[in-house]
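The values are calculated or read from the model by the stated rules, or taken from the named source; none is laboratory data. Keep in mind the model is a prediction, meaning the values are calculated, not measured. What goes into the accessible areas is simple: the full protein's heavy atoms, side chains included, and nothing from ligands, DNA or RNA. Shrake-Rupley method; radii C 1.70, N 1.55, O 1.52, S 1.80 Å.
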Amino acid sequence: MKKAKDKAVPAAVQAAFARFWSAYPPRADNPKKPALKVFAELIEAGADAEALRRAAGAFAVHVKSKGFDQVFTPHARTWLADRPTRSTCTGSG
């Protein structure tokens, strides 16, 4: 049985994701493709891409200010899928 192909992500969403990715705190093992998929789903559901970027930037500042080791930074896909992150950037609960 063939696996369904992933839906193509529009160029505008890819560009917004690139801005989000550059704002997110660094982590050595942080796969982009799963994070892009969650990001695109959030945008499709009504999330504000700029709010996600700002939240990622604020999280990066927090991580840096606390001196956390990269290994303790969640994968971007996990962070994006977290309910508080979603509600902050979509206005939903």
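Evaluated over the range 1-83, the count of Lys pairs having alpha-carbon atoms less than 23 Å apart is 12 (only pairs 8 or more residues apart or interchain). For the range 5-80, the solvent-accessible area with a 1.4 angstrom probe is 62 square angstrom per residue. Phi angles across the range 14-30 convert, under the Karplus curve 6.51 cos²θ - 1.76 cosθ + 1.60 with θ = phi - 60°, into 3J(HN,Hα) values of 4, 5, 5, 5, 4, 5, 4, 4, 6, 8, 5, x, x, 8, 4, 9, 9 Hz, Gly and Pro given as x. The phi-based Karplus calculation (6.51 cos²θ - 1.76 cosθ + 1.60; θ = phi - 60°) puts the 3J(HN,Hα) values of the range 62-79 at 4, 4, 5, 5, 8, x, 5, 5, 3, 4, 8, 7, x, 4, 4, 4, 5, 4 Hz, whole numbers, x for Gly and Pro. Here the extension length gained between V71 and K37 equals 10.0 nm, from 0.36 nm per residue of separation less the Cα-Cα distance. The fraction of accessible area contributed by carbon and sulfur in the range 1-71 is 58 percent, rounded to a whole number (1.4 Å probe; ligands and nucleic acids excluded).
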